[in-house]
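Below is one structure, written out as structure tokens; the observations come after it.
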Amino acid sequence: MANSASAPGPVTPGGHRTGTERGAGTRPAATTAGPVLRLRDLGWSVRGVPIVQEVSCTVHEGEFVAFIGPNGAGKTSLFNLVSGICPASAGTVELDGADITGAGVHARARRGLGRTFQTSSLWAGMTVADHVRLAAQAAEGPRASYRLWRRADRYRRQVADTLERTELAHRADTLAGALSHGEKRKLELAVLLVGDPRVILLDEPMAGVSAEEVPALTALIRSVHRDLGRTVLMVEHHMDVLLELADRLAVMHHGTLLALDTPAAVMADPTVQEAYLGEAL
Ligand SMILES: Nc1ncnc2c1ncn2[C@@H]1O[C@H](COP(=O)(O)OP(=O)(O)OP(=O)(O)O)[C@@H](O)[C@H]1O
């Protein structure tokens, strides 16, 4: 399959697609939501070794695209390129039609792009509420301290609302280090959401989470996507979770985008099956 793809079908008001269209060379179906993120021939090499190669795709407002692929396929590296953690060696990243390829992490965050990481990025000795308060303050920029003082009530409400939405209100005064893995993932989401990003990149949010906690975390991510209407890109290995959440599956293999289509079409794709030879999809 060509290493390029666009939206597969019309988008309902909730952002969910109703049809399918595949790969480069096919005519994109009409959509009611415009493109929010566009990658063109995106690449990253380290000392001449290509890690991500010629990845092109378009993600539409309100869409949920899940990235799968074998270990080392380049999924996290692609997220690093999109979020600005790694500078692209080739190609471009566009957000809302603006070229942000040269923009840093904070500039991209200010434009509405947020991400979580595969490994936990919390402070064990800081409370749940303080994590969210600090993130709210950071999202305000350099004049945050003064604004925080002036708008203490608003911040209190914002933190309380975010903890309520992420089902952590009862853990507000708990130290992050005392949370379960699932709760830590929820807190990472809370820290992200308080900054009000429109496009959210989640890197393996189920990593380390116990089987009992997976359904609640899945439901929370679904509500962020559907109820809050956020555009979500997610790397995840739990196929059952992906099939429940994703409008489209993107398959990475050896740094390239091997396929991007509806889950059913991707699962039936012989190229994808060949790439996963011997591995359960
Ligand atoms: N900074 C770096 N320098 C050199 N090689 C790197 C660097 N970062 C990643 N790689 C290599 O790039 C390849 C892709 O790594 P990446 O973490 O993006 O894969 P992945 O698909 O996210 O894997 P996983 O599912 O195991 O998290 C791997 O071979 C990795 O060793």
Original post:
For residues in the stretch 55-83 being away from the ligand (no atom under 15 Å from the Cβ) and of a type outside the set (A, V, I, L, M), which is nearest to L201 (Cα to Cα)?
Top reply: F64
Original post:
Do we find a residue being assigned to a strand (DSSP E or B) and not hydroxyl-bearing (S, T, Y) anywhere in the stretch 70-89?
Top reply: no
**OP:** Output the residues belonging to the stretch 40-53 that are among the charged types (D, E, K, R) and within 15 Å of the ligand (Cβ to nearest atom).
**Re:** R47
Original post:
Hey, among the residues in the stretch 113-122 that are more than 16 Å from the ligand (Cβ to nearest atom) and touching a helix residue (DSSP H, G or I) at 6+ places or on another chain (Cβ under 6 Å), which one's nearest to T256 (Cα to Cα)?
Top reply: G114
Subject >> When residues of the stretch 93-112 are limited to those that are under 18 Å from the mean Cα position of the chain (by Cα) and in contact (Cβ under 8 Å) with a residue 24 or more places away in the chain, the one nearest to the ligand (Cβ to nearest atom) >> reply: V93
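Every number here is computed from the coordinates shown, using simple stated rules; none is lab data. In this text, all values refer to a predicted model and were calculated from it rather than measured experimentally. Every residue, glycine as well, gets a Cβ built from its backbone with ideal geometry; the counts of neighbours run over all protein chains shown.
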